[in-house]
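Visitor: Okay, handing you the structure first.
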Amino acid sequence: MVLKFNSAGHCLITKQTGIAITKKLKGIKYPQKAKSYDIVQIGHDFKPLTNNTEIITFRDKNGEILQRNITHKTPNELTETKKNYIKYKDTAIFEPESYNFLLVGGRKISSITKKNGNFFSKSEEIQTYPKTNSNPRVTISKIESFTTGYPAVEKENQSLYEYSKDCKKGYYLKNYIRNNDSGLFKFGDFKTHFDEMIDLSTDKYLPLHLYSIKQFRQIAPHIIENPKHSSPFTIIKWYNKYPNPADDNISYGFFNGKVNLNKKTLKTKEQIIETTAHEKEHGYQRAEMRKPKEQHNEETKRYILATKNYVKADVNYEDYRNNYKEIKAREAERITLNDYKDNLNKLREEFPYAPDYQFGM
């Protein structure tokens, strides 16, 4: 076999498409729905034996990509990437330019990369596009996480782009540090080569909007708080308690010096935001009451009086709800949720062709 190299030293070693899966492929895990696969091998640097890339693509009965395995070999490094493709159901979104609803299709590409057998990075990319449109647009959101060698600490890149024939805009947060335990964000570079750059680099909510509920649950409680004042530092703890069907008062969380959140009942982003803001407000109230007496104001005195008259929900639910501390905590819920929603709506206005699932809903 004679290999033909281009000027950059690349060559096509082999290309086979539409190979039917008639038996298990040795050493390779692939989706059950896969009916065929393609193999492409490419050589690099005029050294195809020691420097090459192999791409195996698995497809379903309709030819849609389900999984792609990419192996890149050099003399010193073996990089393996496994990508899984999930197709979203077509979604109708409002098109501001025509005041009509537009049908949008999309897919999620989740990938894990290993280098020399060790975990290196993971990413989640969502691509959406209109099904029919005279001016086709593509919106791409992506989160990439890289290992730092420290438990719970990752370096992360995040981006949201929109392309069309007459539109090119986006934001790109690069090299910021994310700590899963403390929720710490340390922003790094903020760059994009696009014609129109959306400047959101100082937005505390920005890294949250693209997260799935699983990622959001991990990070958001550390960041969410009543925008009217800063809460004292509190430890976030998750617990598991199934709601009792006979109990009208479902437990979402409680404050006992720490913010405790119930993983079994907090199912949506809104619930996590409201409960976190509520319990952090109790932390703020406690800190206010612990200030020296000469620093007490009328609000502080109302907190102290409410503490003396406090009744638990399972004793008298009406008295519990009407307690001043609980009234103010519910007010914090509304203010915080509205603050988050207003911020998200601004992002939606900048990227109107991104459906809800592109924002991790």
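The values are calculated or read from the model by the stated rules, or taken from the named source; none is laboratory data. All values reported here derive from a predicted model rather than from experimental measurement. For neighbour counting, all protein chains shown are included, and Cβ atoms are generated from backbone atoms with ideal geometry for every residue, glycine included.
Visitor: With the requirement that a residue be part of a strand (DSSP E or B) and either in contact with an Asp or Glu (Cβ under 7 Å, 6 or more places away or on another chain) or surrounded by 10 or more Cβ atoms within 10 Å (Cβ to Cβ) (or both), what does segment 1-35 give you? Walk me through how you get there before you give the answer.
Guide: If we filter segment 1-35 for residues that are part of a strand (DSSP E or B), which is where we start, we get 5, 11-20.
Of everything in segment 1-35, those that are part of a strand (DSSP E or B) and either in contact with an Asp or Glu (Cβ under 7 Å, 6 or more places away or on another chain) or surrounded by 10 or more Cβ atoms within 10 Å (Cβ to Cβ) (or both) turn out to be Phe5, Cys11, Leu12, Ile13, Thr14, Lys15, Gln16, Thr17, Gly18, Ile19.
Visitor: Determine if segment 165-184 includes at least one residue that is in contact with a Ser or Thr (Cβ under 6 Å, 6 or more places away or on another chain) and either modelled with pLDDT of 90 or more or of a type in the set (Val, Ile, Thr) (or both).
Guide: If we filter segment 165-184 for residues that are in contact with a Ser or Thr (Cβ under 6 Å, 6 or more places away or on another chain), which is where we start, we get 170, 172.
Of the ones still in play, those that are also either modelled with pLDDT of 90 or more or of a type in the set (Val, Ile, Thr) (or both) are none.
Looking through segment 165-184, none of the residues is in contact with a Ser or Thr (Cβ under 6 Å, 6 or more places away or on another chain) and either modelled with pLDDT of 90 or more or of a type in the set (Val, Ile, Thr) (or both).
Visitor: Give me the residue from segment 28-48 that is of a type in the set (A, V, I, L, M) and farther than 12 Å from Leu12 by Cα and, out of that set, modelled with the highest pLDDT. Lay out the reasoning, then the answer.
Guide: To start, the set of residues in segment 28-48 that are of a type in the set (A, V, I, L, M) comprises 28, 34, 39-40, 42.
Imposing the further condition that a residue be farther than 12 Å from Leu12 by Cα reduces the set to 28, 34.
Details: Ile28: 81, Ala34: 93.
If we take residues in segment 28-48 being of a type in the set (A, V, I, L, M) and farther than 12 Å from Leu12 by Cα, then Ala34 is modelled with the highest pLDDT.
Visitor: One residue is enough: does segment 47-65 have a residue meeting the conditions surrounded by fewer than 13 Cβ atoms within 10 Å (Cβ to Cβ), of a type in the set (A, V, I, L, M), over 27 Å from Gln358 (Cα atoms) and out of contact with any His (no Cβ under 7 Å at 6 or more places or on another chain)?
Guide: yes
Visitor: Right, another one. If you go through segment 37-62 one residue at a time, how many are of a type outside the set (D, E, K, R), touching a residue at least 24 places away in the same chain (Cβ under 8 Å) and farther than 22 Å from Lys4 by Cα? Full working, then the answer.
Guide: If we filter segment 37-62 for residues that are of a type outside the set (D, E, K, R), which is where we start, we get 37, 39-44, 46, 48-53, 55-58, 62.
Still in the list and also touching a residue at least 24 places away in the same chain (Cβ under 8 Å): 39-44, 46, 48, 50-52, 56, 58.
Checking the rest, the ones that are also farther than 22 Å from Lys4 by Cα come to 58.
Qualifying residue count, segment 37-62: 1.
Visitor: Follow-up. If Pro352 meets every condition in (1) under 28 Å from the mean Cα position of the chain (by Cα); (2) loosely packed, with under 14 Cβ neighbours inside 10 Å; (3) outside any helix (DSSP H, G or I) apart from one, which number is that one?
Guide: Result: Pro352 passes all but (2).
Visitor: Scan segment 66-84 residue by residue and report those that are surrounded by 11 or more Cβ atoms within 10 Å (Cβ to Cβ) and either assigned to a loop (DSSP other than H, G, I, E, B) or in contact with a Pro (Cβ under 9 Å, 6 or more places away or on another chain) (or both). Show your work before the answer.
Guide: Step one: of segment 66-84, the residues surrounded by 11 or more Cβ atoms within 10 Å (Cβ to Cβ) are 66-74, 78-84.
Selection gives Leu66, Gln67, Thr74, Asn84.
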